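Participant: Got a structure for you, written out below as structure tokens; questions coming shortly.
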Amino acid sequence: MAQLKIPAPLSRLRVGRGLVLLICGVYFAVPMAASLFFSIDDYHGGFTFHAYTELLSAPGFLDSLYLSLELAGATVVVLLLVLVPALLAARLGAPRLRPVVEVMCSLPLVVPVVALTTGIVGVLRWGPDYFANSPFFQTFVAIQNPDFPVVLLIAYVLMALPFAYRALDGGLRGVDVVTLVEAARNCGASYPRAVLSVVLPNLRSALLSASVLTVALVLGEFTTASILGFQPFSVWINTYGKTDGQMSVAVSMISLMVVWIVLLLMSALGSGRRKSARS
């Protein structure tokens, strides 16, 4: 029986891919393994999980984690509610506005986070004394509620806007939105139903990518929350991790695990829906 021979260029390509994956794996795995070993190493010999058990029972751990998850979920909802209708409207009704929308959505990339946060602080501190009893001033106070700081949500929406736009725009480029909507309209569907039943299911991967990028950004963002004085999970781990070396490494490992678990759950949810849709 004749054996199938793999062409030499294809074989070299597979070896090159394997070598790149091996280098990337070593690059990421070795520091993490060393950090994990350091965090559970007992100076008296053996291993101990004292840093992790003490960290999980530390005051403020769950509150800061819940706040970060709430902010991440709210940021995804607000961002998609604003961005998806705007992009669809630009493609269906005003194609000439697409460059304008792209420039507007990319603007946060050229504004440093510190400059954006400094501007927010300046706006929040502004206000003459005669505004003290006005609804305008009360609104400024309400959006700075530490239980759910809306001002932080606004900042996160701005920071995640370029990444979510790129993910959604890539998805829209692969779908003929105009033809899909016209076909649905010819079948008697209204514009909202055509978008909800025909267009959005074809953008599931782009919506999931935008959501994953947004959640990753919100869970890891530190500068804005720290300067504004709030304590989501990223700020809490920085504050609590300064107690000792093992604790700071344990905090980093816990932070990585939380982010990975959330992103893996979102990816698994998206994959499950794709499989059910195909079946």
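Participant: Springs between alpha-carbon atoms under 10 Å, Gaussian network over the chain: tell me which of 187, 105, 24 tops the mean-square fluctuations.
Facilitator: 24
Participant: How large is the translational diffusion coefficient of the stretch 94-224 in µm² per second when you combine the Kirkwood radius over alpha carbon pairs with Stokes-Einstein at 4 °C and 1.567 mPa s?
Facilitator: Calculated translational D: 73 µm²/s.
Participant: Given a Förster distance of 22 angstrom, what is the FRET efficiency for residue 138 paired with residue 63, based on the Cβ-Cβ distance and rounded to 0.05?
Facilitator: Computed FRET efficiency for residue 138 and residue 63 comes out at 0.30.
Participant: Which values of log₁₀ I(q)/I(0), to two decimal places, follow from the Debye formula for the stretch 208-262 at q = 0.15, 0.22, 0.29 Å⁻¹ with a uniform point scatterer at every Cα?
Facilitator: Results for the stretch 208-262 at q = 0.15, 0.22, 0.29 Å⁻¹ read -0.45, -0.86, -1.13.
Participant: Using a Gaussian network model of the chain with C-alpha springs under 10 Å, which one of 23, 120, 154 is most mobile by mean-square fluctuation?
Facilitator: Highest fluctuation among the options: 23.
Participant: Mean-square fluctuation check for the chain, GNM, Cα pairs under 10 Å: which of 180, 256, 158 is largest?
Facilitator: 180
Participant: Using label points projected 7 Å from each Cα along Cα→Cβ, tell me how many nm separate residue 217 and residue 196, to one decimal.
Facilitator: Reported label-point gap for residue 217 and residue 196 is 2.8 nm.
Participant: How large, in percent, is the carbon and sulfur part of the accessible surface of the stretch 73-134 at a probe radius of 1.4 Å?
Facilitator: Taking all protein chains in place, the stretch 73-134 shows 72 percent carbon and sulfur surface.
Participant: Something else now. How much length is gained if the chain between residue 27 and residue 121 is pulled fully straight, taking 0.36 nm per residue apart and subtracting their Cα-Cα distance, in nm to one decimal?
Facilitator: Full extension of this stretch gives 29.9 nm more.
Participant: How many nm is it between the label spots at residue 252 and residue 89, if each spot is 7 Å from the Cα in line with the beta carbon?
Facilitator: In this crude spin-label approximation the distance works out to 4.6 nm.
Participant: Rolling a 1.4 angstrom probe over the protein heavy atoms, how many square angstrom per residue are accessible across the chain?
Facilitator: Per residue, the chain has 61 Å² of solvent-accessible surface.
Participant: Can you give the translational diffusion coefficient of the chain in µm²/s, computed by Stokes-Einstein from the Kirkwood radius over Cα pairs at 25 °C and 0.890 mPa s?
Facilitator: 108
Participant: Please work out how much length the chain gains when fully extended from residue 77 to residue 175, using 0.36 nm per residue of separation minus the C-alpha to C-alpha distance, in nm with one decimal.
Facilitator: Contour length minus the Cα-Cα distance gives 33.0 nm.
Participant: According to a simple spin-label model (label point 7 Å from Cα along Cα-to-Cβ), what is the distance in nm between residue 269 and residue 47?
Facilitator: 3.2
The values are calculated or read from the model by the stated rules, or taken from the named source; none is laboratory data. Predicted model, so just to flag it, every value in this text is computed and none were measured. Note that we place each Cβ from the backbone using ideal geometry, even for glycine, and neighbour counts take in every protein chain shown. Side chains are part of the model used for accessible areas, which takes the heavy atoms of the whole protein and leaves out ligands, DNA and RNA. Shrake-Rupley method; radii C 1.70, N 1.55, O 1.52, S 1.80 Å.
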